[in-house]
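The values are calculated or read from the model by the stated rules, or taken from the named source; none is laboratory data. Keep in mind the model is a prediction, meaning the values are calculated, not measured. Counting neighbours? That spans all protein chains shown, and the Cβs are built from the backbone with ideal geometry, glycine included.
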Amino acid sequence: MASLVCLAGGETQKSPILDRVKVIHKVPENMDTLSIEQLQDERDIRARDLAVIKEANDKPEVAKQKLLDSIMAHDDIRLNIVHVIPKMIEEYGIEGEFKDKLLGYSETFDTEIRNARTYVHSIDDYKSYDFRFSAVYMSMMFSFNENKDFHKRMVSDMKDVNTAIGKYRKELDESYAQVEHDKYLIQNIYSINELEQAIAAIDAEISKRQKAEL
């Protein structure tokens, strides 16, 4: 189930779609030990890099919106889980308490998660929404893990596009591939954000030093 969990949001603290694995443009280490002249040099280096990146990518908001559109199209596919759950219940002949539990997950996706989605208007909004979706999805997966016979069949069916979960998995993979294709558009946005934050931190340190000298 690793790939499905990943597609559904991955780690609870990070989104694999949105979060950069490694910060490239950092605030200088041991900034408090640098002289004002050294701080200014560090600032100038980052300011030059920022200017070059902005010149090469002067429409970051357009790139963000394009990626968000791709992500939300992918999310349309993710939310098809509300239709997959009843089909799996039927295919697997699930009854009793476990059936009620799975239908409860379907209802949660169809009401609470869909409602949370209405508040997603930007890339930043998506992160908290993705966390909520992932929490519910992974809770459901743990429920299957507790039922070994159903879990074993589900793992097998994920490779079979003629099953409800297999078809869902295939559609998720295809929609996520489009997200990955568009993701490169925001790589410079990460750099812009990192450089702006680093410059702001250096400016704050320089300002603090200058006030201390007065």
Can you tell me which residue among Ile85, Ile94, Ile71 is surrounded by 15 or more Cβ atoms within 10 Å (Cβ to Cβ), in a helix (DSSP H, G or I) and modelled with pLDDT under 95? Ile71
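Every residue in the range 23-58 that is under 13 Å from Asn193 (Cβ atoms), assigned to a loop (DSSP other than H, G, I, E, B) and in contact with a Leu (Cβ under 7 Å, 6 or more places away or on another chain), please.
The one that is under 13 Å from Asn193 (Cβ atoms), assigned to a loop (DSSP other than H, G, I, E, B) and in contact with a Leu (Cβ under 7 Å, 6 or more places away or on another chain): His25.
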Do you know which residues across the range 109-130 are aromatic (Phe, Trp, Tyr) and surrounded by 18 or more Cβ atoms within 10 Å (Cβ to Cβ)? Phe109, Tyr126, Tyr129
Which condition breaks for Ser156 when tested against (1) within 30 Å of Lys64 (Cα to Cα); (2) exposed (fewer than 15 other Cβ atoms within 10 Å of the Cβ); (3) of a type in the set (Ser, Thr, Tyr)? (1)
Contact list please: Cβ distance under 9 Å, first residue in the range 17-32 and within 21 Å of Tyr176 (Cα to Cα), second residue modelled with pLDDT under 75 and of a type in the set (Val, Ile, Thr), pairs at least six apart or on different chains. Leu18/Ile186
Please state which of the following conditions Lys66 fails to meet, knowing it meets all the rest: (1) out of contact with any Pro (no Cβ under 8 Å at 6 or more places or on another chain); (2) farther than 30 Å from Asn115 by Cα. (2)
Selection within the range 97-125 - hydroxyl-bearing (Ser, Thr, Tyr), part of a helix (DSSP H, G or I) and either in contact with a Lys or Arg (Cβ under 9 Å, 6 or more places away or on another chain) or without any contact (Cβ under 8 Å) to a residue 24 or more places away in the chain (or both): Thr111
Residue in the range 126-161 that is farthest from Ile113 (Cα to Cα), counting only those that are of a type in the set (Val, Ile, Thr) and assigned to a helix (DSSP H, G or I): Val155
Being under 13 Å from Phe133 (Cβ atoms) and charged (D, E, K, R) is the filter here; which residues of the range 73-123 pass it? Asp75, Asp76, Arg78, Asp110, Glu112, Arg114, Arg117
